[in-house]
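The values are calculated or read from the model by the stated rules, or taken from the named source; none is laboratory data. Given the structure is predicted, the values throughout are model-derived calculations rather than measurements. Cβ atoms come from the backbone with ideal geometry, glycine included; neighbour counts cover every protein chain shown. Side chains included, ligands, DNA and RNA excluded: accessible areas come from the protein's heavy atoms. Shrake-Rupley method; radii C 1.70, N 1.55, O 1.52, S 1.80 Å.
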Amino acid sequence: QVQLVESGGGLVQPGGSLRLSCAASGSIFSIYNMGWYRQVPGKQRELVATITNGGRTNYADSVKGRFTISRDNAKNTVSLQVNSLKPEDTAVYYCYADLKARPSSLRADYWGKGTLVTVSS
C-alpha cells in the first residue's frame, strides 16, 4: 500500500512564504513524476507544479517565478517552496506521485489528503 503525506501548510500573510513537503511511503518500486495540485472549494483541482525523476520541472503560469518544486529521489519526497504568496493562492494543496508499486504493476497516480494554505492578513 502506498501513502503520500503532506505537511507544511498554514496561515500566512500576503507576501509571505511556506515550504510544503510530501513523503511517499509503502510498497514503491519506482516513482516517475511527482507534483502538486491545488483546489479551492467549488472549483476544479488545478496543476501547480510537476517534476520528473530526472528533475525536469513544469509550472502553472500563475506560480512561475514564485514557487519552486524539488524532489529527493532517495527519500521519495517532493517539496514546494512557495514565496510571494497572494490571497488567490489560498487552497488545499495536494501532492501526487506517478509510480509503480511493484515491477509488474502498471503506473498509477497516488494522492495525498492535502494540506491547507491560507493567505490572509
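The shape of the stretch 33-121 can be summarised by an equivalent ellipsoid whose semi-axes, obtained from the alpha carbon gyration tensor, come to 25, 15, 11 Å from longest to shortest.
With contacts taken as Cα pairs under 8 Å and at least 6 residues apart, the chain reaches a relative contact order of 37 percent.
The modelled label-to-label distance for the pair Asn73/Trp111, using points 7 Å beyond Cα in the direction of Cβ, is 2.7 nm. Note on the chain: lysine pairs with Cα distance below 26 Å, sequence gap of 8 or more or different chains, count 10. Multiplying the residue separation of Arg66 and Arg19 by 0.36 nm and subtracting their alpha-carbon distance yields 15.7 nm. Averaging Cα coordinates gives a centre for the stretch 1-71 and one for the stretch 97-116; these two points are 14 Å apart.
Shown in residue order for the stretch 74-87 are the 3J(HN,Hα) couplings computed by the Karplus curve 6.51 cos²θ - 1.76 cosθ + 1.60 at θ = phi - 60°: 5, 9, 6, 10, 9, 10, 9, 8, 10, 10, 6, 5, 10, x Hz (x for Gly and Pro). Taking amide H atoms as placed 1.01 Å from N in the peptide plane, the amide H of Phe67 lies under 5 Å from those of Asn83, each 5 or more residues away in sequence or on another chain.
Couplings 3J(HN,Hα) for the stretch 28-44, derived from phi with the Karplus relation 6.51 cos²θ - 1.76 cosθ + 1.60 (θ = phi - 60°), are 10, 8, 7, 9, 9, 9, 10, x, 10, 10, 9, 8, 9, x, x, 10, 6 Hz, where x marks Gly and Pro. In the elastic network of the chain, a GNM with C-alpha springs shorter than 10 Å, the most mobile of Arg38, Arg71, Arg19 is Arg19.
Remark: the chain carries 54 Å² of accessible area per residue (probe radius 1.4 Å; ligands, DNA and RNA excluded). The share of accessible area on the chain that comes from carbon and sulfur is 47 percent, using a 1.4 angstrom probe.
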